[in-house]
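Participant: To start, I am sharing the structure in question, which I have written as C-alpha cells.
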Amino acid sequence: MKPQTSSPTSNITPIKRNSPGVPTSFEIFHSCGHTSTRDLSDRSADQRAGYARWLATRQCTDCWRADHQADAASTAKWLAAKRADEQAAAADWATQFDMPPLEGPEKILGWAERARHQLVTRAYTALVTEGTWDEAEWAQLEEQVRLLTRAGWWVDQREAEGTDLPELLEAADDRDQPTENPFR
Ligand SMILES: [Zn+2]
C-alpha cells in the first residue's frame, strides 16, 4: 500500500481559542484569494467546519459585492441605452407621422411616447402588414391616434395587443382627447 504523499490542502484554519471545545472562529481562504475570519459560533459545533469549507468555495464578501454591483450597474446602463434608443425611435416616428406631443405629468411623458409608438407599431403590423386592413382604413385609425393625447392613457395601454387598438381607441372617452385638435 502506497503511503499517501499528499493530502488536499485545507482552505480553512480553525482559530485556536483559550477555552476548550470546537473552535467557533475560522480563517477562511476564499476562492478569490482573499482571507477572512468568520465567527461561526451561531452554528452548531458539528456544522462549523462544513460551513467554513463551503464559505471557502465562495468569493469573499467584498469581492461578491463588487461583482454584484458591477452586474447591477451594467444592467442599469443597458436598460438606459435601450430606453434612449426607444425614445429616439418614438420621436422620429412622431415627427414622420405628424403625431402631436402628449399631455400629462412630465415624468411619464417619455414613457407614454414610447408606449404610443410601440402600440401603434404593433397595431400596424397586426392589422395592415399581417392583416386585411388597407392603407385608407389605417389612415382613419391614425387620425384617432392623433386625437388621443393623454399620456396616462397610452401608459395604461402599454401592454395591449396591436389588434385591440381600434377597440381601445373607440372606448377612450372625451377626457382623453382635447375638444379640438390644435394640430390640424
Ligand atoms: Zn475577495
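The numbers here are math on the coordinates, done by the rules we state, and not lab data. Note that this is a predicted model, so its numbers are computed, not measured. Note: ideal-geometry Cβ built from the backbone for every residue, glycine included; neighbour counts use all protein chains shown.
Participant: Would you confirm whether any residue within region 74-94 is exposed (fewer than 11 other Cβ atoms within 10 Å of the Cβ), within 16 Å of the ligand (Cβ to nearest atom), free of Cβ contacts under 8 Å to residues at least 60 places away in the same chain and farther than 30 Å from Gly162 by Cβ?
Facilitator: no
Participant: Can you give me the number of residues within region 11-61 that are among the charged types (D, E, K, R) and either part of a loop (DSSP other than H, G, I, E, B) or within 16 Å of the ligand (Cβ to nearest atom) (or both)?
Facilitator: 7
Participant: Shifting gears a bit: I'm told Gln144 meets every condition in (1) more than 30 Å from Thr35 (Cα to Cα); (2) under 22 Å from the mean Cα position of the chain (by Cα); (3) assigned to a helix (DSSP H, G or I) except one. Can you identify the failing condition by its number?
Facilitator: (2)
Participant: Trp64 versus (1) under 20 Å from the mean Cα position of the chain (by Cα); (2) within 16 Å of the ligand (Cβ to nearest atom): which is the lone unmet condition?
Facilitator: Among (1) under 20 Å from the mean Cα position of the chain (by Cα); (2) within 16 Å of the ligand (Cβ to nearest atom), Trp64 violates only (1).
Participant: Also: Do you know which residues across region 149-174 are part of a loop (DSSP other than H, G, I, E, B) and charged (D, E, K, R)? Talk me through it step by step, then tell me what you get.
Facilitator: First, the residues of region 149-174 that are part of a loop (DSSP other than H, G, I, E, B): 149, 157-161, 172-173.
Selection gives Arg158, Glu159, Glu161, Asp173.
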